[in-house]
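The values are calculated or read from the model by the stated rules, or taken from the named source; none is laboratory data. Everything quoted here is computed from the prediction, not taken from an experiment. Here the Cβ positions follow ideal geometry from the backbone for every residue, glycine too, while neighbour counts run over all protein chains shown. Just so you know, the surface numbers come from the protein's heavy atoms only, side chains and all, with ligands and any DNA or RNA stripped out. Shrake-Rupley method; radii C 1.70, N 1.55, O 1.52, S 1.80 Å.
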Amino acid sequence: MSEHAITRRSFLAGSAGAVGLAATAGYMGFGAWEQAHAAGGWRREVTTAHSLCNSCSSKCGFTGYVEDGRLTKMIGDVDHPYCEGTLCARGYGYASIAYSEDRLTDPLKKNDKGEFEAISWEQAYSEIAEKVKAIISSNGPEALAMVQDPRPSGSYYTKRFMQALGSANVYTHGAACNLSKNSGFTQAIGAGDYASDVANSKMTMFIGRSYADAIRPSSVHDLQRARENGAYIVLVDPRCNNTITLADEWVPINPGTDLALVLAMSNVLIKNGLYDKDFVAENGIGFDEWAAAIADHTPQWAEGITGIPASTIERLAVRFAECAPAASIEPSWRGAFGCSYANSGETARAICLFNTLLGCWNQKGGALFLPSVSAGEVDAEKFPAVPKPEGKILGSEEYPLALSSMGVNVILADKAREGAVKGLFFYNSNMAAGYANPDYLAESFSNLDLMVAIDVQMSETCMLADYVLPDTSYLERLELPEFVGGKVPAVTLRDRVIEKVHPNTKPVDEIFSELAEACGVGEYFQFTVDELADAQLRTVGLSLEGLRQAGGTARFPEKEYSYGAAVKWKTPTGKVQFTSEACEKAGLSPVPVWVDPQTKPAGGNQFRVIGGKQAIHTHTQTANIEPLMEITKKYNLERVWMNADKAAQLGIADGDEVEVSNEEHTGRVRVKVTQRINPEALYVPSHYGCTSPDQHTAYNVGLRQMDFVPFSIEPGYGGACTQEAIVTVKKAGA
Amino acid sequence: MMESDEMFAVLSACFAPVERDEWAQLTAQPVWAGFLDAARRALQDDDALGEPASPISRARMRCPLQDFLSAGEVKALFAPPTYDEKRAFAARHFTGGLPDSAVPVESLYATWSNGALPSPFSRCAGMYQGDSARYMKDLVERMGMDVPPQFAACPDHLALELDLAAVLLRSGARDAARQFLSERLAWLTAYRMRLLTLGADAGFYIGLVDVLVGIRTQLASGADAVEARAGRRAGTEAETEVEAKAEVVAASNTNRSHTCI
């Protein structure tokens with residue numbers, strides 16, 4: 001070997017290390033290159049692909065335009081039911097995550113010093129698999145669990161992986177989102193959700209939900225149509241949220257007391273005979289029992305709890321009756337009763353019963369059960385069914401009303417402390433920061449033998465893990481088809497828009513297929529995501545290529561919804577259940593009656609912490625996105641909100657720095673002083689207070705709501721009680 | 001004696017994932033001593049990266065590295081990391097998304113796009129695959145080569161930029177190499193700040209970066225001299241060069257001076 005061989009080796013030019021004259025003639029300075037592009041003289045290769053946004057759970061469709069390999073444009077999909085051609089600010093801003101400097105680029109393992117080091121995929125798989133096998137051998141597969149925030153491929157592969165290992169413990173983020181709501185609805189009407197026909201309604205009441213802050217474009221479009229049609233829109237919320245511009249009335253309720261309002265409005269309808277007696281008689285069971293139980297839940301009674309004048313409650317109830325059946329209480333999502341209080345599940349149940357009094361189910365302008373389509377059976381040889389695990393999902397005994405399709409994820413903290421759970425996987429989930437008290441969760445997870453997190457950036461959950469596996473961003477992968485319910489149901493595709501930015505990242509389908517192989521259950525993963533996507537689409541008369549050709553979204557007009565259809569109630573009794581045996585067995589009242597929240601501010605400088613989305617963010621997920629955080633900083637959106645009268649009493653002025661404190665945490669932040677919030681509430685935006693220094697943009701901006709929330713689980717339903725937190729507030733330095 | 005193209009090839013290997021044998025050969029004597037000597041000369045070469053100098057002119061370039069670098073950096077450069085140490089450093093710092101990540105990629109220290117390829121987040125800073133990455137990819141392909149797969153995410157990785165400089169020099173395109181290095185190495189001042197936050201571990205790499213920053217400064221003063229002799233060239237390229245030079249001069253003011261005669 002020549003003495004220069006080693007110093008002339010080139011990554012670009014190989015062992016020759018040099019190029020010829022023709023090649024060097026191709027040299028071009030940066031300025032000339034920029035000018036050539038600017039002048040449009042550069043040959044550009046343009047490709048397009050249909051994808052689904054990942055900035056929130058709505059997953060709106062769009063077509064991504066890619067020039068010379070780089071994303072340059074996104075156009076909302078007019079056929080997508082949630083998007084209707086419009087993306088929100090998050091949709092555009094979040095796309096930058098593909099190129100973020102904070103992307104995880106290699107598999108990581110925590111070393112003895114607690115620092116992460118890059119390792120190979122082979123090492124990661126073999127070490128994780130060894131630990132999985134050891135846990136199964138000593139504690140059984142039920143000592144393994146998975147938490148994931150559902151996405152098209154993630155839902156499928158995480159569940160299949162855990163089931164292949166023999167564990168039923170697959171949890172969504174639900175206990176910190178909409179578990180209580182969906183579980184409460186299920187007790188009353190046998191369905192986890194419904195849709196309010198807002199656009200065609202004469203009256204719709206929103207409780208703790210703001211279409212203008214937690215945006216789904218089609219919902220905002222519906223609300224605009226409702227306004228044009230003259231609907232009366234009521235916002236029940238401790239905070240006058242941004243939907244007010246499309247609403248008629250703000251009802252500034254004391255936080256945690258929505259149940260009292262709904263029961264009192266029900267009381268008004270029943271007492272005055274203003275409810276749909278025929279509908280109730282035909283569809284309900286246990287109505288008389290409920291009517292008797294809430295006979296004393298009058299507007300006057302509710303006024304003392306809710307802070308809403310009895311006359312307002314009475315007026316709203318009567319107006320509902322006048323508008324029925326083209327009226328309903330909108331189902332909401334996380335906000336007031338998805339998971340917030342000790343009475344959230346019961347609030348959800350009461351709302352369904354109130355809508356039943358209106359006789360509005362499946363009526364134009366009322367509350368609808370919209371159709372959906374799902375994939376049928378696929379080739380069992382190619383895609384073999386995984387045997388159903390023997391055990392039940394952990395938490396189902398303690399929280400029997402919780403939907404098993406979601407599970408009570410927060411119970412995993414206690415199970416880890418008890419040693420019942422030894423190994424935890426997280427996919428697309430930042431449980432450690434957003435689901436419950438972060439310190440409590442961190443302490444709980446420190447007892448695990450194995451913690452694996454799969455994500456695109458170093459979340460607080462990743463920081464606690466033993467292994468972190470780098471996911472591709474949503475723009476870089478094909479996922480399984482997404483079926484979307486609606487008046488005309490549809491199926492839509494998240495396809496690969498750009499090539500992988502980082503060669504050593506992998507999509508979820510590959511990660512779990514390869515991990516399954518390492519764990520010895522690879523026989524259930526002998527197919528690619530393309531093959532499964534195509535097989536699923538063929539069960540509904542489509543194909544992967546066909547859906548691509550069709551632009552990425554296909555509708556099923558033959559399944560179009562029509563008003564007036566009789567409802568088959570999928571409850572144990574086949575009726576709308578004013579009484580629930582399951583609730584009684586779970587230790588709750590058989591009929592929904594008033595239940596106090598666990599906590600209540602005592603006045604003075606005490607407040608209840610409430611959260612809530614801002615239009616440019618989704619929980620903690622988007623805080624590290626620079627274009628979105630710029631908006632936060634420009635408008636000081638990290639500030640907490642305090643009622644102006646209370647602020648005056650406490651000597652606090654708009655823009656002051658305040659100290660927010662309770663037994664769990666103390667933090668400082670600036671305050672927005674406003675009349676747009678109930679005096680009992682302190683609004684802490686749900687997006688800030690990131691403690692992961694690896695997230696350069698999000699780190700250390702604002703307060704994190706969950707830091708102030710003591711660990712607690714809602715009886716029966718399993719919600720994370722995310723607003724059962726009382727704090728004191730004073731001017732910083734005072 | 002090691003030539004400048006070889007010096008850039010060694011610098012490139014320092015920032016790249018290379019095999020154990022290759023690193024052992026590069027850091028063995030006399031190769032490593034030759035590299036340090038080449039770096040020393042490049043830092044004081046008035047006709048920076050020009051034709052190989054005569055023995056006598058080389059002899060005149062006698063200032064030791066200590067005149068250009070701190071004692072700690074010199075010490076670190078004289079004791080390059082073992083392969084395992086290099087790999088461990090890369091596993092902690094040349095991977096993305098960690099608090100101690102210091103991936104040597106130009107895009108992370110620049111505005112994503114100034115308009116060559118607009119997108120919804122053109123003006124963001126510190127993202128992969130910025131204009132410098134697109135430029136590098138285009139340039140490599142125009143010169144009949146391909147970006148290796150391990151650099152697909154970042155064609156503007158420092159290792160690849162240095163490798164291309166070595167190829168240009170070796171292929172006789174010395175003017176192009178000079179311009180390329182002047183334009184491409186400007187981000188190293190910001191990158192040096194990043195390395196400084198990593199503590200003692202990073203001494204070796206800070207030393208290497210300081211060598212590169214020094215060479216770039218030397219290129220600027222050399223280019224001034226050349227231009228003074230040759231006069232301005234007309235056209236786009238010349239204008240670009242002037243812009244680049246203005247930037248270089250500004251950078252050189254921030255670099256510490258030395259008193260080498």
> Where the centroid of each part is defined by its Cα atoms, how far is segment A:42-102 from segment A:288-346 in Å?
Replying inline: 41 Å
>> Given the DSSP H assignment, sum -39500 (n - 2.57) over each helix run of at least 4 residues in chain A and divide by its residue total; what's the result at 222 nm in deg cm²/dmol, nearest 500?
In response: -8500 deg cm²/dmol
> Using modelled amide H (1.01 Å from N, peptide plane; none on Pro or chain starts), what sits under 5 Å from the amide H of A:V658, excluding residues fewer than 5 places away?
Replying inline: A:V669, A:R670, A:V671, A:A732
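Using per-residue counts of other Cβ atoms within 10 Å, averaged over each peptide, order A:351-363, A:596-608 from highest down. All intermediate terms of the calculation are to be shown ahead of the outcome.
Values: A:351-363: 24.9, A:596-608: 17.0.
With the highest mean Cβ count within 10 Å placed first, the list reads A:351-363, A:596-608.
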> Tally Lys/Arg at +1 and Asp/Glu at -1 over every other residue whose Cβ is under 13 Å from the Cβ of A:A725; what's the total?
Replying inline: -2
> What is the distance in Å between the Cα centres of segment B:87-133 and segment B:1-44?
Replying inline: 26 Å
> ³J(HN,Hα) across segment A:391-396 via Karplus (A = 6.51, B = -1.76, C = 1.60, θ = phi - 60°), whole Hz, x for Gly/Pro?
Replying inline: x, 8, 4, 4, x, 5
> Given a cut-off of under 8 Å on Cα pairs at least six residues apart, what relative contact order in percent is computed for segment A:195-368?
Replying inline: 32 percent
> Short version: ³J(HN,Hα) in whole Hz for each residue of segment B:135-146, in order, from phi by Karplus 6.51 cos²θ - 1.76 cosθ + 1.60 (θ = phi - 60°), x for Gly and Pro, what are they?
Replying inline: 4, 4, 5, 4, 5, 4, 6, 4, 8, x, 10, 10
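Working from the alpha-carbon coordinates of segment A:606-731, get Rg over Rh, Rh being the Kirkwood radius. The partial results should precede the final answer.
Values: Rg = 14.4 Å, Rh = 14.9 Å.
So for segment A:606-731, dividing Rg by the Kirkwood Rh gives 0.97.
Quick one: net charge around A:N267, please, counting Lys, Arg +1 and Asp, Glu -1 for every other residue with C-beta under 11 Å from its C-beta. Could the numbers behind the result be given before it?
Working: positive: A:K271; negative: A:D296, A:E314.
Neighbourhood net charge equals -1.
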>> Given an 8 Å cut-off on Cα distances and at least 6 residues of separation, report the relative contact order of chain A as a percent.
In response: 19 percent
> In terms of Cα to Cα distance under 24 Å, which lysines are near enough to B:K75, apart from those fewer than 8 places away along the same chain?
Replying inline: B:K86
> What are the residues whose amide H is under 5 Å from the amide H of A:G702, where those residues sit 5 or more places off or on another chain and H is modelled from the backbone?
Replying inline: A:G689
> Using mean Cβ contacts within 10 Å as the protection proxy, how do A:192-202, A:620-630, A:550-560, A:569-579 order, highest first?
Replying inline: A:620-630, A:192-202, A:569-579, A:550-560
> Relative to the first principal axis of the alpha-carbon coordinates of chain A, what is the inclination of helix A:508-519, with its axis defined by its Cα atoms, in degrees from 0 to 90 and to the nearest 10?
Replying inline: 80 degrees
> Counting Lys and Arg as +1 and Asp and Glu as -1, what is the net charge of the other residues whose Cβ lies under 13 Å from the Cβ of B:L162?
Replying inline: -2
> If you count, for every residue in B:160-167, the Cβ atoms of partner chains within 10 Å of its Cβ, what is the mean?
Replying inline: 4
> Helix A:179-189 sits at what angle to the longest principal axis of chain A, using alpha carbons and giving 0 to 90 degrees rounded to 10?
Replying inline: 50 degrees
>> Give the lysines reachable from A:K202 as a straight Cα distance under 20 Å; neighbours fewer than 8 places away on the same chain don't count.
In response: A:K364, A:K487
> What is the projected area of the convex hull of the Cα atoms of segment A:195-368, averaged over all directions, in nm²?
Replying inline: 8.8 nm²
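Per-residue Cβ counts within 10 Å, from other chains only, averaged over A:32-38: what number is that? Don't skip to the answer; put the middle values down first.
On the way: counts 5, 10, 8, 5, 3, 9, 4.
If you average over the peptide's residues, the count of other-chain Cβ atoms is 6.
So if each residue of separation counts as 0.36 nm, and I subtract the Cα-Cα distance between A:E545 and A:S311, what length gain in nm does that give? Before the final figure, lay out each step's value.
On the way: separation 234, 0.36 × 234 = 84.24 nm, distance 5.97 nm.
Taking 0.36 nm per residue and subtracting the Cα distance, the gain is 78.3 nm.
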> Against the longest alpha carbon principal axis of chain A, how many degrees, from 0 to 90 and to the nearest 10, is the axis of helix A:344-358 turned?
Replying inline: 60 degrees
> Pairs A:K388/A:K415; A:K392/A:K613; A:K131/A:K570; A:K181/A:K506: which exceed 32 Å Cα-Cα?
Replying inline: A:K392/A:K613; A:K131/A:K570; A:K181/A:K506
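With all protein chains present and a 1.4 Å probe, how do A:S372, A:S332 order by accessible area, largest first? Don't jump to the answer; show the numbers that get you there.
Working: A:S372 80, A:S332 0 Å².
Reading off the accessible areas and sorting them downward yields A:S372, A:S332.
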> Can you give me the Cα centroid spacing of segment A:558-631 and segment A:633-695 in angstrom?
Replying inline: 24 Å
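Over the Cα atoms of the protein assembly as shown, what is the Rg over Rh ratio if Rh follows Kirkwood?
Details: Rg = 31.9 Å, Rh = 31.0 Å.
Radius of gyration relative to Kirkwood radius: 1.03.
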> Roughly how crowded by other chains is peptide B:138-148, in terms of the mean Cβ count from those chains within 10 Å of each of its Cβ atoms?
Replying inline: 5
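Over the residues of segment A:352-438, compute the C-alpha Rg and express it relative to 2.2 N^0.38 Å. Please list the in-between numbers first.
Working: Rg = 19.4 Å, N = 87, 2.2 N^0.38 = 12.0 Å.
In units of the 2.2 N^0.38 Å rule of thumb, it is 1.62.
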>> Going by amide H atoms built from the backbone, whose H comes under 5 Å of the H on A:V147, apart from near neighbours?
In response: A:Y171, A:F425, A:F426, A:Y427
> So what J values fall out for segment A:628-641 if you push phi through Karplus, 6.51 cos²θ - 1.76 cosθ + 1.60 with θ = phi - 60°, rounded to Hz, Gly and Pro as x?
Replying inline: 7, 5, 4, 5, 3, 6, 4, 10, 6, 6, 6, 5, 7, 9
